[in-house]
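Engineer: My questions all concern the structure below.
The values are calculated or read from the model by the stated rules, or taken from the named source; none is laboratory data. Values in this document were obtained by computation on a predicted structure and should not be read as measured data. A quick note on method: Cβ atoms are made from the backbone with ideal geometry, for glycine too, and the neighbour counts reach across all protein chains shown.
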Amino acid sequence: MLNLDPRRARWIRLRMGILCGAMGIALGGFVSSAYRVQVEDGAEWRETAERQRQRRLHVEPKRGTVFDRNGTALAVSIEVPSVSADVVEMLHAAETPDAQAAVIRDASLRIAAALSLPQDEVYEKLQNKRRFVWLKRRISGDETALIRDLGDAHKTPRPILGLNIEGEGHRYYPGRELAGTVLGFVAPDGSGKDGLELALDDELRGHVEELSGLRDRSGHLLFSQANTQADALAGHDVTLTLDEGIQHIAESELDAAQSTYETKGGALVVMDPQTGEVLALASTPGYNPNDYGASDVDARRDRAVTDRFEPGSVMKVFTIAGALAAGTLSPTEQIFCEHGIYKVGPVTIHDTHLNDWLTPTQILAKSSNIGALKIGLKLGESGLYATFRRFGFGEPTGVPLPGEAAGVLRPRSRPWFDVETANASFGQGVSVTAIQLATAFAAIANGGKLLEPQLVKKITDARGETIKENTTHVRRESVPPGVARMLSEMLVAVTEEGGTAVEAAVPGFRVAGKTATAQKVDPATGKYSSDKFTSSFVGFVPAEHPRLVVAVVLDEPMIGHYGGDLAGPVFRRVAEQSLRYLGVTPSTPAAKLATVTRADDPADQTIAAVESSGAPPANTSIVPTQQLAPLGPDAVRVPDLTGMGARDAASAILGAGLVPEIEGSGRVSKQNPAAGSAAAKGSSVRLVFEPAS
Amino acid sequence: MIPTLFPAGKGRSTHPPGNLKNKRVELVAPLDARPDAARIHAAIDPVLAAVVVALIGFGVVMVYSASAVQATVQYHDPQYFLKRQVGYAIASLLVFFGLSHIDYHRLYKLTYPVLAGVGLLLLLCVIGFGHSGGGATRWLSIGPVHVQPAEMAKLALVVWLAYSLAKKAERVKSFTVGFLPHLLVAGLFMLLCMKQPDFGSAVVLLLLTFTLLFVAGAKVGYILGASILGAALGAAAIRFREYRYERYLAWLNMDQHKQDLAYQPFQSVMAFGSGGPFGVGLGHGLQTLYLPEAHNDFVAAIVGEELGFIGVACLCAAYLLLVTRGVRASLRAPDDYGSYLAFGISAMFGVQALVNLAVALAILPTKGLTLPFVSFGGSSLLVNAAAAGILLNISRQGPPAPEDAVTPDAPPVKPAKFAKKHMQDTPIQQPLPIPDLPNEVAG
């Protein structure tokens, strides 16, 4: 410009100036817009952006697995792939409507073929041009591969953009009904709804919010770092104290009892009395959490924990324990049982068996109400109440399951009147749960320590590091160890000849336990019903060094009602199979007695009495079967059991190294495999019982 | 309408007469007021050079920050785009400094070959040799290299317009000689761009054409008329292409369309906004997860998010400085050709930057224009660097400080010192009394 005519140069400068001014104004406009957006409205936009990230990032982490004590998975989450489409992304390359329509037509055709869906359906979904639409949920592995190929530029000349495969968590219970009431289930939104799934939801579920910002607009994880983080955020794994094998035994026996006695329901607890670990927790009717929708709400609760009932005679054990500990009763004392009829205040109490003079051992063995109430009244209202409390009644045991009932000791929230004390002495007018009974019996079995029942053994995070490990927790001493030992020996009499629960005796072991047959209160009349009962048996085995406490509660059996007849055999079969499962060798009672007897033990005389009267269970049937030569190292010959009673048949089967599967009651009418055939050691033999005609 | 032709050297009082024999081409003054050979290698405008280098470097950083996510997803290599951009940056710096050593007067011989070549490339692109991507056919594959002819078209058109307008000088005011041919060539280029479709480049080409015609003295009436015509055609192009009209409507009602058609601009504004005054910090932006092609046309949004308003303001200041130094070179250019060329190139930077920034802030509808020097892309970066190299060369040929003229062979002076000297420059051109203005200009 320097060489120009100055006039022209000035004009050019002027025009340049005008243009520069225009650009300057535009720049100023932009900067002021930027100021408005960034400085004035910045916080608002930031919030919007934050919301966008959070909303899109809500993807559930993998739920933790629930294992039994041996590492068998009881509840697992599996990622079921689902395919979704981002249609805006799919149409990224097509700008004109014609091109877009062509892309959608082509994509719907190919997607429909890959997912075996009708093309119209896919076309409809894509037609809306949404940023997110589910195409098909829960697709198979083949479909996943086909969809991947459709989006892969290396596999197909025209890749379809915007197809996303996401894993959706699906809860699966491999054992189906097994421990269903304990485990609970998970709702489709990923929250635990019952049982441990609800109680441990926080641990199992993991955390979502910390993942924000690490997923892109289609919800994909972007960095491998995020994957490891997802691992850390995944739910914790829970190892239970339950043993799948014992749980299975407990459930099948309880089911068998339900069909045999036509009970309304039942609960069964197997516990290790030394540690308080719950080995099995069964409840009938159960349900399959894989298909929880098909079950009745009533079937889903764990009756061992949630249902309280009047325990009946089983409470006599604790009445006597309290009296022995307080010194108001001596183990050899003879108590006059009034020949079966006794009046406390206005109420007349009856005994089923008419007795005159009984020792505490005999009161337990014959289950005398009058004997128990006399001991209870002598112990006194406050003493009895305190004893029950010391054994954990009237308070939750602390087992981590939702809806645990505490039970009620003083229903009217005031000290008992004498009649009530008398009733409470033999378990009327109070309510307890099955898990409380098992825990209280464990206290007797382990020398007086009331433990908290353990259901969760440990919790580990997704990388295998232990977050929490539960150990045995002693709540308090219920009774001194001496009293507990003495009581154990007294309770053995219940399952021996002359006791109320000979059916509960396990061949080869000494069983300590107590039956109970409690009349239920009819809600219509408010009085005890004459035909509705709760039959129960709680015991532990082996009596001298207890490995298992088993509490069996049968609600409203229709066929028979005596606890000894109904719950006793259930106890026996569960204990028998569980001991076998655990590899506990049968002991002769005499050999074991020596270890229990001690010079300074106040129970000496009781033990002597037990020893003299004790007729150990007959195991004669075992001997002949064992003499049969096995066919191979792991094969045994199936004994002939036809016509045998349940107890003998079971002994024979167990003696042969097989597991009985019992159906019906009475005498063996059929068996499978047939007698004399070969069977693998440890396999089960199905026995069909029919009442003897 | 009287052409005012000056003999060479007459307009320049400082022109050393001894160098006149070096001239190879005899031309009329507006096109070829060639300085002496020594001035071609005189010191560059250090501010201009520094701004360009800084913008290229800044671009590399921002491309990495904006593309790492997409690169990881698409190529499993977070540095995929970074590596390429670094390569382009090195090449473009070589082009930039290389061209600054070549006298821009030599370019006019290349004007027509380049114009024809670029026209041919655009044509090839449109008639089916193009490489599709991002919804348009904007690339040509030459072996492994993908070139974008529309980027070249901008520079080619500026170079041609500067040459043609300088050559025609006063005849620019005429419609048939000065106005129509330029508009026809530009119109042809625009048509080819629209066909790809690349509406944004077409608009930039039109703006550059009008800018240079206006500066060179074309009648304002013609420009206004053509503008109205262009606006009408543009409106028709939008109205009768359904997808463009939809986009336009989506831009008008962004809130309703933030999930579909206005997704990109909406996310872009969100990125700006969430940056706030000071930004979330380099590499900490999260909108890259939501903003498709963030390293390309929407890199400004990531600048806004990560560096905040401060960063955006600094970026604007850098472009302001770039254009200012470009206009300064234009004003100081030794002849019309250089002057028009420098102004056209400066306007090219300014217009592209403004349009891109305005699109990123959703002030204008989505166009598909790059942010000069900063956006990812080899074609754009190399073409802009070439343009900047020419600009740098023009800046060299400005009037020297007195001592420069005396000692042309003196070693290069330190840039800072050099800059100071230029600041102290006294106007060489004496203000002359102008008796009356030419009617043509006023019309």
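Engineer: Within segment B:269-298, can you find the residues that are more than 10 Å from chain A (Cβ to nearest Cβ) and closer than 13 Å to B:Leu361 by Cβ?
Structural biologist: B:Asp297, B:Phe298, listed by residue number.
Engineer: Within segment B:216-228, can one find any residue that is small (Gly, Ala, Ser), buried (at least 17 other Cβ atoms within 10 Å of the Cβ) and facing chain A (nearest Cβ under 9 Å)?
Structural biologist: First, the residues of segment B:216-228 that are small (Gly, Ala, Ser): B:216-218, B:221, B:225-227.
Of the ones still in play, those that are also buried (at least 17 other Cβ atoms within 10 Å of the Cβ) are B:216-218, B:226.
Next, from what is left, pick out any that are facing chain A (nearest Cβ under 9 Å): B:216-217.
Yes, because at least one residue in segment B:216-228 is small (Gly, Ala, Ser), buried (at least 17 other Cβ atoms within 10 Å of the Cβ) and facing chain A (nearest Cβ under 9 Å).
Engineer: Would you check if A:Leu183 is touching a residue at least 40 places away in the same chain (Cβ under 8 Å) and either surrounded by fewer than 18 Cβ atoms within 10 Å (Cβ to Cβ) or closer than 30 Å to A:Val270 by Cβ (or both)?
Structural biologist: On the way: touching a residue at least 40 places away in the same chain (Cβ under 8 Å): yes; either surrounded by fewer than 18 Cβ atoms within 10 Å (Cβ to Cβ) or closer than 30 Å to A:Val270 by Cβ (or both): yes.
For A:Leu183, the condition - touching a residue at least 40 places away in the same chain (Cβ under 8 Å) and either surrounded by fewer than 18 Cβ atoms within 10 Å (Cβ to Cβ) or closer than 30 Å to A:Val270 by Cβ (or both) - is met.
Engineer: Follow-up question, since we're still on this one. Could you list, in sequence order, all residues of segment B:140-167 that are without any contact (Cβ under 8 Å) to a residue 24 or more places away in the chain and of a type outside the set (Gly, Ala, Ser)?
Structural biologist: B:Leu140, B:Ile142, B:Pro144
Engineer: Would you check if B:Gly338 is at pLDDT below 95, buried (at least 24 other Cβ atoms within 10 Å of the Cβ), within 10 Å of chain A (Cβ to nearest Cβ) and farther than 27 Å from B:Ser100 by Cβ?
Structural biologist: Details: at pLDDT below 95: yes; buried (at least 24 other Cβ atoms within 10 Å of the Cβ): yes; within 10 Å of chain A (Cβ to nearest Cβ): yes; farther than 27 Å from B:Ser100 by Cβ: no.
Judged against the criteria, B:Gly338 is not a match.
Engineer: Among the β-branched types (Val, Ile, Thr), part of a loop (DSSP other than H, G, I, E, B) and either touching a helix residue (DSSP H, G or I) at 6+ places or on another chain (Cβ under 9 Å) or crowded, with 24+ Cβ neighbours inside 10 Å (or both), is that true of B:Thr370? So that I can check it myself, show each step before the final result.
Structural biologist: Values: among the β-branched types (Val, Ile, Thr): yes; part of a loop (DSSP other than H, G, I, E, B): yes; either touching a helix residue (DSSP H, G or I) at 6+ places or on another chain (Cβ under 9 Å) or crowded, with 24+ Cβ neighbours inside 10 Å (or both): yes.
So B:Thr370 fits the description; yes.
Engineer: Shifting gears a bit: Quick check on my filter: what residues within segment B:319-359 are among the charged types (D, E, K, R) and closer than 30 Å to A:Arg36 by Cα?
Structural biologist: B:Arg325
Engineer: Next question. Going through segment B:71-115 one residue at a time, which ones are touching a residue at least 40 places away in the same chain (Cβ under 8 Å), charged (D, E, K, R) and part of a helix (DSSP H, G or I)?
Structural biologist: B:Arg84
Engineer: Checking B:Arg328 against (1) within 11 Å of chain A (Cβ to nearest Cβ); (2) part of a helix (DSSP H, G or I); (3) at pLDDT below 90, which test does it fail?
Structural biologist: Among (1) within 11 Å of chain A (Cβ to nearest Cβ); (2) part of a helix (DSSP H, G or I); (3) at pLDDT below 90, B:Arg328 violates only (3).
Engineer: Given (1) over 27 Å from A:Pro557 (Cβ atoms); (2) assigned to a loop (DSSP other than H, G, I, E, B), identify the lone condition not met by A:Tyr287.
Structural biologist: Status for A:Tyr287: all satisfied but (1).
Engineer: Sort through A:Leu548, A:Leu566 and tell me the only one that's in the same structural domain as A:Pro586 (by TED's automatic domain parsing), at pLDDT 90 or above and of a type outside the set (Lys, Arg). Show your work before the answer.
Structural biologist: Numbers: A:Leu566 fails: at pLDDT 90 or above.
Result of the check over A:Leu548, A:Leu566: A:Leu548.
Engineer: Looking only at residues in segment A:104-151 that are surrounded by 15 or more Cβ atoms within 10 Å (Cβ to Cβ), in contact (Cβ under 8 Å) with a residue 24 or more places away in the chain and in a loop (DSSP other than H, G, I, E, B), which one is nearest to the chain's Cα centre (by Cα)?
Structural biologist: A:Ile139
Engineer: Might you let me know whether segment A:212-233 holds any residue that is at pLDDT 90 or above and outside any strand (DSSP E or B)? Don't jump to the end; show me each part of the working.
Structural biologist: Looking only at segment A:212-233, we keep the residues that are at pLDDT 90 or above, and these are none.
No, every residue in segment A:212-233 fails to be at pLDDT 90 or above and outside any strand (DSSP E or B).
Engineer: For segment A:420-535, which fully contained strands (runs of 3 or more DSSP E) count at least 2 residues that are at pLDDT 90 or above and over 30 Å from A:Val76 (Cα atoms)?
Structural biologist: Details: elements: A:449-451, A:456-460, A:466-469, A:474-477, A:512-521.
Output list reads A:449-451, A:474-477, A:512-521.
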